Structure formats: structure tokens, C-alpha cells
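S.K.: Sharing a structure below in C-alpha cells format, with a few things to ask.
Where a number appears in this text, it was derived from the coordinates with a stated rule and is not lab data. Just so you know, these numbers come straight off a predicted model, no measurement behind them. So basically every Cβ, Gly included, is an ideal-geometry build from the backbone, and we count neighbours across all protein chains shown.
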Amino acid sequence: MSQNQVAAEDVIRRIREHWPEIAERIRPSVIYLYRARDLLLDDVEQLLKPLGMRSSDLDVLAALRAQPKPWQLTPTELYRALLLSSGGLTKILYRLKEAGWIDRPANPEDGRSKLVRLSRAGTRQLDKALQVIFEHEDHKLDVLSAKEQQELGRLLGKLVGEWEKNRLQSADSHDLGPASKQES
């Protein structure tokens, strides 16, 4: 949150005071989710800068590391896993290759394409970045007890799991909710 950004509590209060016709419809929990996401992403960007990284770099390296050895994917598998456009991914891959954090071996199953493989240097860089981020997250979450952190994780996991399941089920129909059903 930038220093000029209004606190989430103030946003909710202002809506209740000055926009009463929607005040009962707003969900503070959703506003808090958006703000938490923004704050965490901003923090991660700031933490990664001294390491010469961006959050998108971290996402790609982590997605590769989560694969079985030799920690590689096709570009298509990678951009689907990360919800990126292929053009956006190309820019990231170029930057990661220049930094030496990925290798681009030929794809033995498709001579026209190259795989994306996490390099040793990329593994070391990812480990450094995650150490900094985990320490920061530990500090940020200290405001909650261990039990509260578990409950928060359980509730967020329930929400995200359901939302992802619904998105996957509706991918063929391009249905993202009631609004798109009404438009059909």
C-alpha cells in the first residue's frame, strides 16, 4: 500500500456512509482479500529488487522447481500454469535466460520448440529469494496466532479450491458466474 492509499477500513466506512444503496452488498472480506493481495505483491516486488528479480521471475522459477527433475516444462505448460499470455511469458523467459536462471534445451518431442528448464543458478537464486520472502511472511503473519494462521489457511484454501474448481468446470462454456449466464 502506498503512503497515499486509503486504508481498507476507511474504504468500507466511506462506502457505508456515502453509498448506502450498496453498503449491504459489499463484502468486507473481499475488500480485505484484494488489499492483502496488493500489499503482499508490493512487498514481494520490493524484496526481490535487491536480488535483481521481479515477482513474475519468481513465479516462473517456482513453477519449474515444483516439477519433477529435471524441473522443466514446455512454454505452453508454463503459461497455462501461471495464467500469463504467451507474449508476456516470452519477455520473462528472455530475461531469465539472460540472467542464467533457466536453460532452453531442444524439445525432443517437438523439434520446433524449446523446453524451459531451471538451471543450477536459477535454483540458487530461487532459494535466496524464497528465504527472504519466507522470513518476511513470518514477520507479517506474526499478528496472528498459529491457530489463527491455520484457520486462515483452511478458509482461504476452501475458497480458492472452490473457485478454481468452478473455473475449470466452466472453462468450456466461458462461464465465470451469474452475469455471464444472463448475457447468453
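S.K.: Taking the Cβ of each residue in Arg112, Arg124 as the centre, tally the other Cβ atoms inside 10 Å and list the residues starting with the fewest.
M.R.: The most exposed by this proxy come first: Arg112, Arg124.
S.K.: Another question, if that's okay. Specify which residue in the list Trp71, Ser170, Leu41 is farthest towards the positive end of the charge dipole of the chain, using unit charges on the beta carbon of Lys, Arg (+1) and Asp, Glu (-1), about the Cα centre.
M.R.: Towards the positive end, the residue furthest out is Trp71.
S.K.: For the Cα atoms of the chain, what angle does the longest principal axis make with the long axis of helix 86-99, in degrees from 0 to 90, nearest 10?
M.R.: So the inclination is approximately 60 degrees.
S.K.: Taking the Cα centre as origin and putting +1 on Lys and Arg beta-carbons and -1 on Asp and Glu beta-carbons, what dipole magnitude results for the chain, to the nearest 20 debye?
M.R.: 620 debye
S.K.: With +1 on each Lys and Arg Cβ and -1 on each Asp and Glu Cβ, and nothing else charged, work out how big the dipole of the range 1-79 is about its Cα centre, in Debye to the nearest 20.
M.R.: With Lys and Arg at +1 and Asp and Glu at -1, about 160 debye.
S.K.: Pairs of Cα atoms under 8 Å, at least six residues apart: use those to get the relative contact order of the range 29-167, whole percent.
M.R.: Taking the mean separation of contacting Cα pairs over the length of the range 29-167, I get 20 percent.
S.K.: Oh, and also: Run the paramagnetic zone check for Thr123: 7 angstrom along Cα to Cβ, then residues of the range 64-91 with backbone nitrogen under 13 Å.
M.R.: Flagged as within label range: 65-72.
S.K.: Here's something else I'd like to know. Sorted by average packing, counted as other Cβ atoms within 10 angstrom per residue and highest first, what order do 16-29, 126-139, 91-104 take? Kindly include the intermediate steps, with their values, before the conclusion.
M.R.: Working: 16-29: 10.0, 126-139: 13.8, 91-104: 17.4.
Going by the mean number of other Cβ atoms within 10 Å, highest first, we get 91-104, 126-139, 16-29.
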